[in-house]
């Protein structure tokens, strides 16, 4: 079996057949992976730690980071194996799922199309949810500033979502990842600046540890897991980024784009989550910037920075949504209508995401739902399943690959069910309190 695979690899090298219109460097690819994961998720870190306790939070963040990084690794590795089997230069997320089942055991080959459709639906749902979160987060930050400095202008957060509609529609007309990488680099700089300002306020006074829990209420652990998974995962952007790299071999390995990106993500998330919880305790909101004082200029800068950072990241998340639309519609559209169709689709897509954000402006709860349901499915369960299916004839000694992936799937299912249950109960409680 191994000899056959080696012969196949000699016959076809997908990297040699890739033709990328505007390839990305390693630096830009790393920036895209970091920015696809970090954003509103990073700033929700302290809230996650308040749900878990600081001891459980640190250990849990590292473990979840390792699991998420491993799932990205096996997704990319499986995709490359499928490229060789299918003799194709590159495959997207859903195409990898289809190819894995198509080249797996005979009993699952008939499910290849269903696997592709399910993966596509999961991708679409996940990144529509992320775009909704970004809309609400930007609007919340802008509203805080306007309410403070223009007291005569008091508008609900839904109005700010509508105001954002036009600039978001314009920004989302950018087509290529290479150009989006420039915005990702700038957004990363703004995010690091926000991180530094948060640390400035966190360490601006003596931290108290005695009243902070090492281990929180176990009933709140699912909310912690959901938030961390949301923060760690940028799984939908992984295949487009890897496929658009100038040197795709550098995505995996040691050192590699993936290793550097995940190390930065885990470090930033765990440190801000830990110290943010020590400073603000259990009164944290969905983003730590919403807890900062509104009268100090560094805090004002942080709120502006994070709003701009998330705004500049929006088209990177939306890229996944429009990529799915393009794949299914482009073959059926005449060349002369392709440009206008793309423009219209991007505008309609952004309007849809903003509309959902207006309908559900509960930032913390949306983050938990997207993390628990969508990212658990997309980032944990699906990669583990497709690796097992594709490697069915070579699962390692004692079938360790299968057993390892069963553990990942069970963890993903547990996070999905428990996280959704806790979040739905939170939403019901909030809605009930508003009606009383």
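Yes or no, residue by residue, for (1) under 21 Å from residue 59 (Cβ atoms); (2) in contact with a helix residue (DSSP H, G or I) (Cβ under 7 Å, 6 or more places away or on another chain):
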{"site": "212", "(1), (2)": "yes, yes"}
{"site": "236", "(1), (2)": "no, yes"}
{"site": "264", "(1), (2)": "yes, yes"}
{"site": "296", "(1), (2)": "no, no"}
Worksheet item: Is it fair to say residue 177 is surrounded by 15 or more Cβ atoms within 10 Å (Cβ to Cβ) and touching a strand residue (DSSP E or B) at 6+ places or on another chain (Cβ under 7 Å)?
Response: yes
Worksheet item: Is it the case that the range 412-430 has a residue that's farther than 20 Å from residue 52 by Cα, modelled with pLDDT of 85 or more, out of contact with any helix residue (DSSP H, G or I) (no Cβ under 6 Å at 6 or more places or on another chain) and surrounded by 12 or more Cβ atoms within 10 Å (Cβ to Cβ)?
Response: no
Discussion item. Please count how many residues of the range 228-250 are assigned to a loop (DSSP other than H, G, I, E, B) and out of contact with any strand residue (DSSP E or B) (no Cβ under 7 Å at 6 or more places or on another chain).
Written reply: 3
Worksheet item: Got a sec? Which helices (runs of 4 or more DSSP H) wholly within the range 29-115 have at least 2 residues that are over 20 Å from the mean Cα position of the chain (by Cα) and either at positive phi or surrounded by fewer than 21 Cβ atoms within 10 Å (Cβ to Cβ) (or both)?
Response: 54-86
Worksheet item: Quick check, is residue 193 outside any loop (DSSP other than H, G, I, E, B) and surrounded by 23 or more Cβ atoms within 10 Å (Cβ to Cβ)?
Response: no
Worksheet item: Right, residue 187: touching a strand residue (DSSP E or B) at 6+ places or on another chain (Cβ under 8 Å), within 28 Å of residue 269 (Cβ to Cβ), in contact (Cβ under 8 Å) with a residue 40 or more places away in the chain and crowded, with 20+ Cβ neighbours inside 10 Å or not?
Response: no
Fill in: Conditions (1) in contact (Cβ under 8 Å) with a residue 24 or more places away in the chain; (2) touching a helix residue (DSSP H, G or I) at 6+ places or on another chain (Cβ under 8 Å); (3) not in a helix (DSSP H, G or I): number failed by residue 253
(1)
Discussion item. Out of 154, 170, I need the residue that is exposed (fewer than 15 other Cβ atoms within 10 Å of the Cβ), in a helix (DSSP H, G or I) and without any contact (Cβ under 8 Å) to a residue 24 or more places away in the chain. Which one?
Written reply: 170
Practice prompt. From the list 140, 147, pick out the single residue that is out of contact with any helix residue (DSSP H, G or I) (no Cβ under 9 Å at 6 or more places or on another chain) and part of a helix (DSSP H, G or I).
Written response: 147
Worksheet entry | helices (runs of 4 or more DSSP H) contained entirely in the range 318-426, each with at least 3 residues that are within 22 Å of the chain's Cα centre (by Cα) and farther than 19 Å from residue 75 by Cα | 335-359, 363-369
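The values are calculated or read from the model by the stated rules, or taken from the named source; none is laboratory data. Worth saying up front: this structure is predicted, and the values here are computed from it rather than measured. Every residue, glycine as well, gets a Cβ built from its backbone with ideal geometry; the counts of neighbours run over all protein chains shown.
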